[in-house]
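Data block below; observations after.
What follows draws every value from the coordinates through simple rules; no lab data is involved. Bear in mind the structure is a predicted one, so any value in this text is a computation, not a measurement. Don't worry about glycine lacking a Cβ; one is built from the backbone with ideal geometry, like all the others, and counts go over all protein chains shown.
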Amino acid sequence: MDEKAQISAEMILIMGALLVLVIVAGGFIFNISQQIATSISNVVDTARDSTINRM
């Protein structure tokens, strides 16, 4: 009975560690995607302004 409780506790710890890892990785990926979106927006704005100034 004690061995099953040990395995259960280890599984809970592993699942918790995986959950924390997924949350941290998700935050990191979200931050990168926001930076890419901002960069693309800046490029599009610059291209639009340049095109309007040429007319």
Next on the checklist: Pairs please, first residue from the stretch 34-55 and among the hydroxyl-bearing types (Ser, Thr, Tyr), second anywhere and surrounded by 10 or more Cβ atoms within 10 Å (Cβ to Cβ) and in a helix (DSSP H, G or I), Cβ atoms under 9 Å, 6+ apart in sequence or on different chains.
Outcome noted: none
Checklist entry - Are any residues in the stretch 44-55 loosely packed, with under 10 Cβ neighbours inside 10 Å and among the β-branched types (Val, Ile, Thr), and if so, which ones? => result Thr51, Ile52
